[in-house]
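The structure under discussion appears below in the form of structure tokens.
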Amino acid sequence: MVLDSMIILKEKFSFNYDAGEYWALKILGKSWKRWKYDLRTKYLVSKKLKKELLENTPPEVDDVQWSKFIDHYQSDRMKETSEKNTVKRKKLQINHTGGTKSNQRRAYEMEAELRRPVCRAEVIVTTWLRKDETYSTKYAENMAVSLYRFFTQL
């Protein structure tokens, strides 16, 4: 599947294949992951039986692939994995809200905006903030306050 995609890319586009192949595969992987997530949330969340799901195959998905997709996400192994991940997420004391931006890039942008060097802790604290500038959890807020107190005493 991935090799077929690379052949199509090489036929359609011209780019530096040494650097571009890694980038293209990374983008394809992210797009594929997002596509599967969209299918799951749109069609499989309803907890319907396989027969009902097969009757409503998305128009852009092949029937055989849709059947395998359903089998995978309704398998005992996948259900077990999902339950484990749900338990792990509930144990998190601080939710990361930084998205896919790297902390190095975030630090660079903060330094440009603040016009001063920033420390690693400042960067990490920004990943605990939601878009509305509130902390993701009370624990995150308490940790941020403790860090700021510590750094102001230095």
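Each reported figure results from applying straightforward, stated rules to the coordinates on display, with no laboratory input. None of these values were measured; they are calculated from a predicted model. Virtual Cβ from ideal backbone geometry, glycine too; neighbours counted across all protein chains shown.
Please return the longest range in the chain lying between exposed loop sites, taking GluC sites (Glu not before Pro), DSSP loop only, at most 16 other beta-carbon atoms within 10 Å, and leaving the sites out. Counting at most 16 other Cβ atoms within 10 Å as exposed, the longest clean stretch of the chain is 61-132.
Against the chain, whose longest principal axis is taken from its Cα atoms, helix 103-114 shows a tilt of about 40°. The Rg/Rh ratio of the range 103-153, with Rg taken over Cα atoms and Rh as the Kirkwood radius over Cα pairs, comes to 0.97.
Sum -39500 (n - 2.57) across every DSSP H segment of at least 4 residues in the chain, then divide by the residue count to get the 222 nm mean residue ellipticity, nearest 500.
After summing the helix terms and dividing by the residues of the chain, the value is -21000 deg cm²/dmol.
Computed over the Cα atoms of the range 2-91, pair by distinct pair, the Kirkwood hydrodynamic radius stands at 15.6 angstrom.
Helix 76-91 axis versus longest C-alpha principal axis of the chain: approximately 10°, rounded to the nearest ten. Simple spin-label estimate for E141 and Q93 gives 1.7 nm between the two label positions (7 Å along the Cα-to-Cβ direction from each Cα). Taking every alpha-carbon pair under 8 Å whose residues sit at least 6 apart, the chain reaches a relative contact order of 15 percent. The C-alpha atoms of the chain define a longest principal axis, and helix 17-39 lies at about 80 degrees to it. Here the chain is scanned for chymotrypsin sites (Phe, Trp or Tyr not before Pro) in DSSP loops (not H, G, I, E, B) that have at most 14 other Cβ atoms within 10 Å, and the longest stretch holding none of them is 16-154. Taking label points 7 Å from Cα along the Cα-to-Cβ direction, L49 and I27 give a separation of 4.4 nm.
Each principal axis of the Cα cloud of the chain was evaluated for its coordinate range; sorted largest first, these ranges are 64, 44, 25 Å. Footprinting exposure proxy ranking of K91, K48, fewest other C-beta atoms within 10 angstrom first, gives K91, K48.
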